[in-house]
Structures are given as C-alpha cells and as structure tokens.
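The values are calculated or read from the model by the stated rules, or taken from the named source; none is laboratory data. For clarity, every value in this text was computed on a predicted model and none was experimentally measured. For neighbour counting, all protein chains shown are included, and Cβ atoms are generated from backbone atoms with ideal geometry for every residue, glycine included. Ligands, DNA and RNA are excluded from the accessible area calculation, which covers all protein heavy atoms including side chains. Shrake-Rupley method; radii C 1.70, N 1.55, O 1.52, S 1.80 Å.
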Amino acid sequence: MDDEAILFDGVIFEWRGPAPFLFVAVPDAHIGAIRYAGLSLSYGWGVVPVVAEIGETRFATSLFPRDGGYLVPVKAAVQKAERIGIGDRVEVALKVGRP
C-alpha cells in the first residue's frame, strides 16, 4: 500500500452482532484521521469505506463504528488466504476511500 496508508497491528476477535464476524479494532491514535477522511465518504451510520491489506491480501470493506472507534471486518476469504483466525495478531494497512 502507499504512503497515505494507515498502518497498525491488532488482535483478531469475534463480535456477535447480527451474525458472528471477525474484526480487528483500529487503535485510538487513528480514529480522528479516519473520522475526518470519512466525513465526505461515509454512506450512513458512520460506516467508512476503505481498502484494507492484511498480509498479501488486499480487499475492499467498510469500517464499522463501535464505541467511538472503528472495527475492520476480516472477511472469510482473507482469513482463509492468510491462515488467520481469532486471537491472531495481524498487521493492517488501510486507505480510506472506495477502490
């Protein structure tokens, strides 16, 4: 990903919303920048479109707002491709915007 990417690492966890999903929480240090960039990009409910990269896998998704921060959904295809799951620490690169 390029120099504009937001880089961080985090632990994958399960959150049971409408269905069980795996996520990585965006650290507090990046919330302000994402919120600002998302002002013109959000399509409702505070959801912010991003292009994410975990390992060698790049994918389009949307950050979920939660408790004043954001969660990165880790799609099943990404889990399979990178052989990752609950409790694994991963490095994440995010670029706010649509692909």
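How much of the accessible area of the chain, probe 1.4 Å, is carbon plus sulfur, in whole percent?
Values: 3210 of 5950 Å².
The value for the chain is 54 percent carbon and sulfur by accessible area.
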- Item | Accessible surface, per residue, of the chain when the full set of protein chains is kept, probe 1.4 Å, Å² | 60
- Taking the Cα centre of the chain as the origin and placing charges on Cβ (Lys, Arg +1; Asp, Glu -1), which of Gly87, Trp15, Val26 is farthest toward the positive end of the dipole? Trp15
- Rounded if a/c under 1.5, otherwise prolate or oblate - region 54-94, Cα gyration tensor axes: prolate
- Of Ile34, Ile86, Ile54, the most mobile residue in a GNM of the chain (C-alpha springs, cutoff 10 Å) is Ile86
- Task: Quickly rank 59-65, 77-83 as a protection proxy: mean count of other C-beta atoms within 10 Å, highest first.
- Result: 59-65, 77-83
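Could you work out the Rg to Rh ratio of the chain, with Rh taken as the Kirkwood radius (inverse of the mean 1/r over all Cα pairs)? Intermediate values should be presented prior to the final figure.
Values: Rg = 12.5 Å, Rh = 13.5 Å.
Taking Rh as the inverse mean 1/r over Cα pairs, Rg/Rh reads 0.93.
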